[in-house]
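Peer 1: So that we are looking at the same thing, I have put the structure below in structure tokens.
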Ligand code: SF4
Ligand code: SF4
């Protein structure tokens, strides 16, 4: 409506249309910051006016509340991220909010520099957190599905302590070489191909690639239970390649007969 009505607003924005504000993933916001955007604005339909049962705008709101706390955790000013709800007919409101947000971001200065964070340090922090997005979404699943009716609750949905704990107690996954039976189930199910293995080879997790989704832990057959969760401790080094082959005993070597 703002465009059709020829309303003037800040020219420093790049609009990206999505079907629903709920489509804006936490990863998209972090990626925008990683790509050098100084601010991110999300415009959604008015709360409780969604035509569908999904109410994606609540998902967007919760994601923003979480992301703002994550930004604080890494030293970024959370005001660089803003969400507002309005109808498509409210062009004047949109133009006003955009201009106001544009001025705010200008006042904050370039991302990181305004906060006095070293650019390389910021880049690596953003990359580290972006990698953890699937893990964060699983751990904060319940809160991300909240429907807060009172804006006064917004600031307390996620607390500083909770976010500090989220990153200090990140779970890592490790395959116990003594227990792995090379059934290959985990490698087939890992969404990012972080598990190195093969037929008759003890599987190992490439910690650099692992996004900590926990799938391998869930799918490793109970009779093997080879995948373990490690919290707050270093992950043991992977078993050397030359020691990964599993030599299985034949029935004869086990002393079994066909009859048995
Ligand atoms: S937790 Fe397991 S399944 Fe998930 S990414 Fe890491 S290795 Fe792959
Ligand atoms: S699912 Fe378990 S037993 Fe099978 S390869 Fe993976 S870690 Fe090994």
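Each reported figure results from applying straightforward, stated rules to the coordinates on display, with no laboratory input. Only a predicted model underlies this, so the values are computations on that prediction, with no experimental measurement involved. Counting neighbours? That spans all protein chains shown, and the Cβs are built from the backbone with ideal geometry, glycine included.
Peer 1: Is the C-alpha gyration tensor of the stretch 1-141 telling us rounded, prolate or oblate? Criteria: a/c under 1.5 is rounded; beyond that, a/b larger than b/c is prolate, otherwise oblate.
Peer 2: Working: a/c = 2.41, a/b = 1.24, b/c = 1.95.
Oblate.
Peer 1: I want to check the label-to-label distance for residue 218 and residue 188. Put each point 7 Å from Cα in the C-beta direction and report it in nm to one decimal.
Peer 2: Taking the simple label geometry, residue 218 and residue 188 are separated by 1.7 nm.
Peer 1: Follow-up. If all Cα-Cα distances of the chain are sorted into 10 Å bins from 0 onward, what percent lands in each bin, rounded to whole numbers?
Peer 2: All Cα pairs, binned at 10 Å, distribute as 6, 24, 26, 20, 12, 7, 4, 1, 0 percent.
Peer 1: Report the FRET efficiency, 1/(1 + (r/R0)^6), for residue 53 and residue 96, where r is their Cβ-Cβ distance and R0 is 22 Å, rounded to 0.05. Please list the in-between numbers first.
Peer 2: Details: r = 31 Å, r/R0 = 1.43.
The computed FRET efficiency comes out at 0.10.
Peer 1: Okay, next question. According to a simple spin-label model (label point 7 Å from Cα along Cα-to-Cβ), what is the distance in nm between residue 123 and residue 31?
Peer 2: 1.9
Peer 1: Further, regarding this structure: Could you give the angle, 0 to 90 degrees to the nearest 10, between helix 56-73's Cα long axis and the longest principal axis of the Cα atoms of the chain?
Peer 2: Tilt of helix 56-73: around 80 degrees.
Peer 1: With the crude spin-label approximation of a point 7 Å out along Cα→Cβ, what separation in nm comes out for residue 169 versus residue 206?
Peer 2: 3.1
Peer 1: Which of 84, 242, 96 ends up with the largest GNM mean-square fluctuation for the chain, with Cα atoms connected below 10 Å?
Peer 2: 242
Peer 1: To continue, here is another question. Sum -39500 (n - 2.57) across every DSSP H segment of at least 4 residues in the chain, then divide by the residue count to get the 222 nm mean residue ellipticity, nearest 500.
Peer 2: Values: 10 runs with 92 residues, N = 260.
Here the helix-only value at 222 nm equals -10000 deg cm²/dmol.
Peer 1: Within 10 Å, count the other beta carbons around each residue, average over each peptide in 103-116, 26-39, 223-236, 54-67, and list them highest first.
Peer 2: Working: 103-116: 15.4, 26-39: 17.9, 223-236: 12.8, 54-67: 21.4.
Per-residue mean Cβ counts within 10 Å order the peptides as 54-67, 26-39, 103-116, 223-236.
Peer 1: Quick one: length gained pulling residue 6 to residue 19 fully straight, 0.36 nm per residue minus the C-alpha distance?
Peer 2: Result: 2.4 nm gained on full extension.
Peer 1: Separate question: If packing is taken as the average count of other Cβ atoms within 10 Å, what order do 120-129, 178-187 fall into, highest mean first?
Peer 2: Working: 120-129: 15.2, 178-187: 17.0.
The most tightly packed comes first, giving 178-187, 120-129.
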